[in-house]
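The values are calculated or read from the model by the stated rules, or taken from the named source; none is laboratory data. If you're wondering where the values come from, they're calculated on a predicted model, not measured in any experiment. Every residue, glycine as well, gets a Cβ built from its backbone with ideal geometry; the counts of neighbours run over all protein chains shown. Note: areas computed on protein heavy atoms with side chains; ligands, DNA, RNA excluded. Shrake-Rupley method; radii C 1.70, N 1.55, O 1.52, S 1.80 Å.
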Amino acid sequence: QVQLVESGGGLVQPGGSLRLSCTTSGHTFSVPTMDWYRQAPGKQREWVATITRSGATSYGDAVKGRFTISRDNSRNTAFLRIDSVKPEDTGDYFCHAAEIYYGASLVRTDAWGEGTRVTVYS
């Protein structure tokens, strides 16, 4: 089964930077759109950013100007660069793909990774 695997989380001080990665595993797949979500401790999951295969991006209001989403289509890898981190950026960050294809075949919908944890501390 195709999986999404996040990495890059860790400890970071306020004002610092971090880059998260999300890669599909198992086979070579086509992922038209990739998303990042996050969930702070005790809070609801919120949408962070989206990128299409063509490179079109969109961001949630809370992260505009500080977060940058990008992707490597050859590896179906999505990245999330977090700049000028704030304490409220602490939480688990999840990769999401609405649809995953193998060739022309839709093999998975609403796919989520297990998350990578970002902790902002002083």
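Name, by its number, the condition in (1) more than 18 Å from LEU18 (Cα to Cα); (2) more than 13 Å from the chain's Cα centre (by Cα); (3) of a type in the set (D, E, K, R) that does not hold for GLU114.
Here GLU114 meets the rest and fails (2).
Tally up the residues in region 63-122 that are surrounded by 14 or more Cβ atoms within 10 Å (Cβ to Cβ) and under 17 Å from THR52 (Cβ atoms), please.
18
Mind listing whichever residues of region 52-75 are out of contact with any Gly (no Cβ under 9 Å at 6 or more places or on another chain) and either charged (D, E, K, R) or part of a strand (DSSP E or B) (or both)?
Passing the criteria: THR52, ARG53, THR57, SER58, ASP61, LYS64, ARG66, THR68, ILE69, ASP72, ARG75.
Identify, from the list SER54, SER17, the residue that is out of contact with any Cys (no Cβ under 8 Å at 6 or more places or on another chain), over 29 Å from VAL107 (Cβ atoms) and polar (S, T, N, Q).
Answer to the selection: SER17.
Which one of these does GLU88 not meet: (1) closer than 18 Å to SER7 by Cα; (2) of a type in the set (Asp, Glu); (3) more than 12 Å from the chain's Cα centre (by Cα)?
(1)
Only one residue in THR119, THR77 is within 14 Å of SER7 (Cα to Cα), in contact with a Lys or Arg (Cβ under 8 Å, 6 or more places away or on another chain) and polar (S, T, N, Q). Which one?
Criteria check complete, one pass: THR77.
Considering region 9-62 alone, what residues qualify as being of a type in the set (A, V, I, L, M), modelled with pLDDT of 95 or more and either open to solvent by less than 30 Å² (accessible area, probe 1.4 Å) or within 26 Å of SER122 (Cα to Cα) (or both)?
LEU11, VAL12, LEU18, LEU20, MET34, ALA40, VAL48, ALA49, ILE51
So, in region 76-122, how many residues would count as being assigned to a loop (DSSP other than H, G, I, E, B), at pLDDT 95 or above and closer than 18 Å to VAL12 by Cβ?
The qualifying residues number 6.
Just checking, which of GLN44, GLN13, GLN1 is farther than 15 Å from ARG75 by Cα and without any contact (Cβ under 8 Å) to a residue 12 or more places away in the chain?
On the way: GLN13 fails: without any contact (Cβ under 8 Å) to a residue 12 or more places away in the chain; GLN1 fails: without any contact (Cβ under 8 Å) to a residue 12 or more places away in the chain.
After applying the criteria, what remains is GLN44.
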